[in-house]
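First up is the structure itself, then whatever we jot down about it.
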Amino acid sequence: MPYQARQRAQNFLLLVKSILYFIVDYNVDPGSNGVVAQSSSDFSAVGRVAVNTLMPVLTDRQRIELAVPAYLFYALTGAPDVFVPADPDLAARAEADIAELRGNLRTACLEPFADLAPVKRQALIRRLERVKRQATTDWHECPALGLMLMLWCFLKDLTDREVLILWEGSVMDRAMQKLMPMCEYGFERQEDGVVAQERARTLLSRLQAEGLYR
């Protein structure tokens, strides 16, 4: 069942005018701009995330690297009016799907920190927030669809190079399955794909300047 997502060029705290529509097919695995800034307090319930007892010991840098893609997608999908039902009758379904998507992204943000003591956990979440602010300084200049495509290219590059591994059936994998139809639509125009890849390289460079993904 389709819904329509409205792309808007917005500031993190201020919505700015823009128009573009794209259709998303809901026939996907039900695993589940101007982006409003997300506060680290939004993640205070991290202790409730289940811990994988087989998780290897990770460095602080590796934990941040695992959390960054999900956190950026989480921020992007949290802006008001980014997703708008194509039909009023689809509003409830659209709201439920978006809530499920963001729930999976939130869990994926928190998993890398779930085995840490509370003080250490909150310190790394604050560091994650600082990294996000540095990486998104010019997002107010880009439309939401362009940002979505950029993040898709960014994550694909990391997984293609096996810098990160996206496990099948994980919460991040379920979130990406939900987003895939949106991104496939966005890549129909070749020039949009080229721009998204360039933006993804710029994002990677910014994060590498922060000591990540080197």
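What about Leu204, is it within 13 Å of the chain's Cα centre (by Cα) and in a helix (DSSP H, G or I)? Here the answer is no, as Leu204 does not meet what is asked.
So that you can scan it fast, the table gives a plain yes or no per residue for (1) in contact with a strand residue (DSSP E or B) (Cβ under 9 Å, 6 or more places away or on another chain); (2) in a loop (DSSP other than H, G, I, E, B); (3) among the aliphatic types (A, V, I, L, M); (4) open to solvent by 30 Å² or more (accessible area, probe 1.4 Å):
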| position | (1), (2), (3), (4) |
| --- | --- |
| Glu65 | no, no, no, no |
| Ala70 | no, no, yes, no |
| Phe73 | no, no, no, no |
| Arg127 | no, no, no, yes |
| Val131 | no, no, yes, no |
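Under the condition of being buried (at least 19 other Cβ atoms within 10 Å of the Cβ) and modelled with pLDDT under 90, the residues counted in the range 156-181 number 2. Per this entry, Thr137 is not counted among residues that are assigned to a helix (DSSP H, G or I) and surrounded by fewer than 17 Cβ atoms within 10 Å (Cβ to Cβ). Just to be sure before I move on: is Thr107 among the polar types (S, T, N, Q), open to solvent by 20 Å² or more (accessible area, probe 1.4 Å), assigned to a helix (DSSP H, G or I) and closer than 14 Å to Tyr74 by Cβ in the structure I sent? Yes; evaluated as a whole, the condition is true for this residue.
The values are calculated or read from the model by the stated rules, or taken from the named source; none is laboratory data. Not measured: the values here are computed from a predicted model. Neighbour counts are summed over all protein chains in view; Cβ atoms, including those assigned to glycine, are modelled from backbone coordinates with ideal geometry. Keep in mind that these areas ignore ligands, DNA and RNA; they rest on the heavy atoms of the full protein, side chains included. Shrake-Rupley method; radii C 1.70, N 1.55, O 1.52, S 1.80 Å.
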